[in-house]
């Protein structure tokens with residue numbers, strides 16, 4: 001019984017991050033020539049040339065975007 005409870009607890013601990021909401025990634029988009037913040041794990045193909053993350057908050061992702069050299073310094077359409 002103890003082994004079953006331990007196995008269940010380990011499954012919850014390990015599986016929870018897989019289903020976590022509210023994660024953010026910074027991606028470089030060649031089509032728009034901008035760095036965007038997205039809420040799904042990006043796949044780096046075609047127009048996406050890099051990704052960075054995940055970040056736990058939008059503020060963390062914005063801070064990370066500001067430190068990436070490939071991202072334009074001023075983006076009037078940025079969040």
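The values are calculated or read from the model by the stated rules, or taken from the named source; none is laboratory data. If you're wondering where the values come from, they're calculated on a predicted model, not measured in any experiment. All Cβ positions, even for glycine, are placed from backbone atoms using ideal geometry, and neighbour counts span all protein chains on display.
Details
- Residue match in the stretch 45-58 (condition: free of Cβ contacts under 8 Å to residues at least 12 places away in the same chain and surrounded by 11 or more Cβ atoms within 10 Å (Cβ to Cβ)): no
- Taken over the stretch 22-33, residues that are at pLDDT 90 or above and either part of a loop (DSSP other than H, G, I, E, B) or loosely packed, with under 15 Cβ neighbours inside 10 Å (or both) amount to 2.
Condition check ((1) at pLDDT 90 or above; (2) in contact with a helix residue (DSSP H, G or I) (Cβ under 7 Å, 6 or more places away or on another chain); (3) part of a helix (DSSP H, G or I)) across all residues:
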site	(1), (2), (3)
7	no, no, yes
17	no, no, yes
36	yes, no, no
54	yes, no, no
62	yes, no, yes
65	yes, no, yes
